[in-house]
Structures are given as C-alpha cells and as structure tokens.
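Below is one structure; the comments refer to it alone.
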Ligand SMILES: CC(C)(COP(=O)(O)OP(=O)(O)OC[C@H]1O[C@@H](n2cnc3c(N)ncnc32)[C@H](O)[C@@H]1OP(=O)(O)O)[C@@H](O)C(=O)NCCC(=O)NCCS
C-alpha cells in the first residue's frame, strides 16, 4: 500500500473537535499541553497558527508554529504532537520537514526555534535528525532550546 500523503492544514471550526480528541500516550502527557490548551494559547499568540497534521484525509497530529516572525528573526514551533495511535510512522518528522520548507524562504527567518523538557529524548532526536542543534540556551523553566539556522546567504536566490 502507498504511504499516506502528509500535509499540514489549518485548524478551523470544522476540524477543531477532531484536533481536541487527539492525545499522546499516557506517559507522554507531561511532555506537551493538551490540544485544547494549545488552541486557547494560540488565540493569545498572534504570530502562531495551529495546524492539523494529516495523513491523507485523517488528522493524526497537531502542530502550532509561527507564521510571522516572533522576534530577532526567530520563528518558533510551540507545540508538536502525534496521536498515540499514529506514532512511530515518520509523521512527526515529515511535519517538521514541511515546516522547515515553508519557513526557509522567508527573508525575515534567521532561525526556527523549539524547546522541549530536558528528558524528552524522542523529541531531541527527532529535531536533531531534521537539522536542529542545541543552542546551549534554556527557557526559564529549564526547557532546552534548539534551533535550525538559516544562514543569511541561503536567502535571495
Ligand atoms: C515527538 C513525537 C511528535 C514524534 O512523532 P512520531 O511521528 O511518533 O515520530 P516519527 O515516527 O516521525 O519518528 C522520528 C524519530 O523520532 C524518534 N522516535 C519516535 N518515536 C520514538 C520512540 N517511541 N522511541 C524512540 N525514538 C522514537 C526516532 O529517532 C525516529 O527516527 P527513526 O524512525 O529514524 O528511528 C511524538 O512522539 C509525540 O507526540 N510525543 C509526545 C509529545 C511530545 O513529546 N512532543 C514534542 C514536544 S517538543
């Protein structure tokens, strides 16, 4: 069977209930906010836009990332999750790669940034596989900050 096509689609009134129903595994609940929380958070963060991660027509995950520069040339990925039923199939990695592809042509994007709780080794490995590096910086709560750098010379051609 062909592998499904992974796309990012905006959360709207039509698909928000499907989004809220997605959950990571029980043991991952401390790693990411619930999608309901993230949708409320997104209303306050004017630069970020919530997207469903779709495998063909099925929503399998959620990602919240900046669609406009936040500050200092940084675009942040604020949330990422894949529902427990669909993990381990490459969907998370595909979503991150698509975000990189979307943002890398923005002339005001110097870095894509993300943070995760220190013991989230799966997220750490996933982001590094996609080209992110640890910055050596931490959030106030101790979360590790990683960045994907877009060199100035990568723009404009
Ligand atoms: C992190 C998360 C989004 C990854 O999504 P996913 O679709 O399951 O991941 P993928 O199938 O794309 O895997 C990509 C890489 O992640 C790692 N990985 C994924 N699941 C893993 C697991 N259960 N154990 C170890 N490594 C794992 C692997 O390195 C994998 O690469 P490989 O296939 O070459 O080994 C998902 O595990 C999740 O929702 N976790 C809970 C929420 C969370 O931690 N979010 C991140 C907050 S910053």
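Any read-out appearing in this document is the output of simple, stated calculations on the displayed coordinates, not a laboratory observation. These numbers were taken from a predicted model, which means no experiment stands behind them.
In table form, for the structure just shown:
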quantity	calculated
222 nm mean residue ellipticity, helices alone, for the chain (DSSP H n ≥ 4; -39,500 (n - 2.57); rounded to 500)	-6500 deg cm²/dmol
Value of relative contact order over the chain, rounded to a whole percent, pairs C-alpha under 8 Å and six or more apart	19 percent
Nearest-ten-degree value, helix 91-103 long axis tilted from longest Cα axis of the chain	40 degrees
0 to 90° range, to nearest 10: angle between helix 35-44 axis and the chain longest Cα axis	40 degrees
Antiparallel bridges, percent of DSSP beta bridges restricted to the chain (to nearest 5)	90 percent
Kirkwood-Stokes translational diffusion coefficient of the chain, alpha-carbon pairs, 20 °C, 1.002 mPa s, µm²/s	134 µm²/s
Overall form of segment 52-128 per C-alpha gyration tensor (a/c, 1.5; a/b vs b/c)	oblate
